[in-house]
Structure formats: C-alpha cells, structure tokens
Amino acid sequence: MAELKTHEGSCRCGAVAFEVETDLEGLIECNCSHCYRKGLVLKFVSPDAFHLTADGPQTEYQFNTHKIRHLFCETCGVQSFARGSTADGKEMIAVNIRTLTDIEPFGWTAQRVDGRSF
C-alpha cells in the first residue's frame, strides 16, 4: 500500500495554498475538453484530507453536468483544486497534483482516462 503523506500545494502566486494528505497512487490524466487543455493531473480525496492554508480570491467555472466546481486563482489563473461529488453523491476534492510544491516534477505516473466520451 502506498504511503500517505501531507503535501503542500499552491497556485503560482501563492494566494491559494493548501495541504492535502494523500499518496500519489491512482492519479488520472483526463482527455476531456477542460482537463486536457489545462494539463491537469488529478487526485481525488475526501474533504477531510484537504485543508486550505491561504484562501485567496477564486473564480468558479462549471460545465457539462455541473457536478464539479473548478476553482481558479483570480490573480494568476491556476486551478489548484476543484470541489465536487462522486457518482454516489459523496463530496470530494480533485487536487491538481501539478500544483504540489513538494514533489518532483514527473516523479509520478497517471492513468489516462477517456473523459471526452462521457
């Protein structure tokens, strides 16, 4: 089993910052029109594993089924995370692992998911 660790992350300018307790297993890289264009690599965690440490101004964007609230820093435009719910209605946070500041770039593997076909 992969090791849970508390990671730090932020947007580019630091106005939005967070801590998340997670492993780096089960990462997904989606080809939907949003994730693919943004280059997102996501890890889904429960809200109790996620803690904002800097809650700067963010803009929300929703599309398709409107089940995920994509949040962007109003200053630098980076999407560090999104809030939403799973198919069975449980709350979740989708963390963009490219915004974790304490991991090696490309020191992870993501499964490609066909979100374009949903």
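Scan the stretch 88-106 residue by residue and report those that are part of a loop (DSSP other than H, G, I, E, B) and closer than 24 Å to Arg37 by Cβ.
Thr101, Ile103, Pro105, Phe106
Filtering the stretch 64-81 down to residues that are under 20 Å from Gly26 (Cα atoms) and touching a residue at least 40 places away in the same chain (Cβ under 8 Å), which residue is nearest to the chain's Cα centre (by Cα)?
Phe81
Answer yes or no: is there a residue in the stretch 93-113 that is basic (Lys, Arg), over 14 Å from Leu42 (Cβ atoms) and in contact (Cβ under 8 Å) with a residue 40 or more places away in the chain.
For the stretch 93-113, residues basic (Lys, Arg), over 14 Å from Leu42 (Cβ atoms) and in contact (Cβ under 8 Å) with a residue 40 or more places away in the chain: absent.
Taking the criterion of being free of Cβ contacts under 8 Å to residues at least 24 places away in the same chain, surrounded by fewer than 12 Cβ atoms within 10 Å (Cβ to Cβ), of a type in the set (Ser, Thr, Tyr) and outside any strand (DSSP E or B), would at least one residue in the stretch 2-15 satisfy it?
no
Might you let me know whether the stretch 30-51 holds any residue that is in contact with a Leu (Cβ under 7 Å, 6 or more places away or on another chain), surrounded by 13 or more Cβ atoms within 10 Å (Cβ to Cβ) and of a type in the set (Phe, Trp, Tyr)?
For the stretch 30-51, residues in contact with a Leu (Cβ under 7 Å, 6 or more places away or on another chain), surrounded by 13 or more Cβ atoms within 10 Å (Cβ to Cβ) and of a type in the set (Phe, Trp, Tyr): absent.
Would you check which residues across the stretch 72-83 are surrounded by fewer than 18 Cβ atoms within 10 Å (Cβ to Cβ) and part of a strand (DSSP E or B) and list them?
Matches in the stretch 72-83: Arg83 only.
Being surrounded by fewer than 19 Cβ atoms within 10 Å (Cβ to Cβ), at pLDDT below 95, of a type in the set (S, T, N, Q) and farther than 15 Å from Gly115 by Cβ: is that true of Thr59 here?
So Thr59 fits the description; yes.
How about the stretch 19-63: which of its residues are touching a residue at least 12 places away in the same chain (Cβ under 8 Å), assigned to a loop (DSSP other than H, G, I, E, B) and out of contact with any Asp or Glu (no Cβ under 8 Å at 6 or more places or on another chain)?
Leu24, Glu25, Gly26, Cys32, Gly39, Phe63
The values are calculated or read from the model by the stated rules, or taken from the named source; none is laboratory data. Note that this is a predicted model, so its numbers are computed, not measured. With ideal geometry, Cβ positions are generated from the backbone for all residues, glycine too; neighbour counts draw on all protein chains shown.
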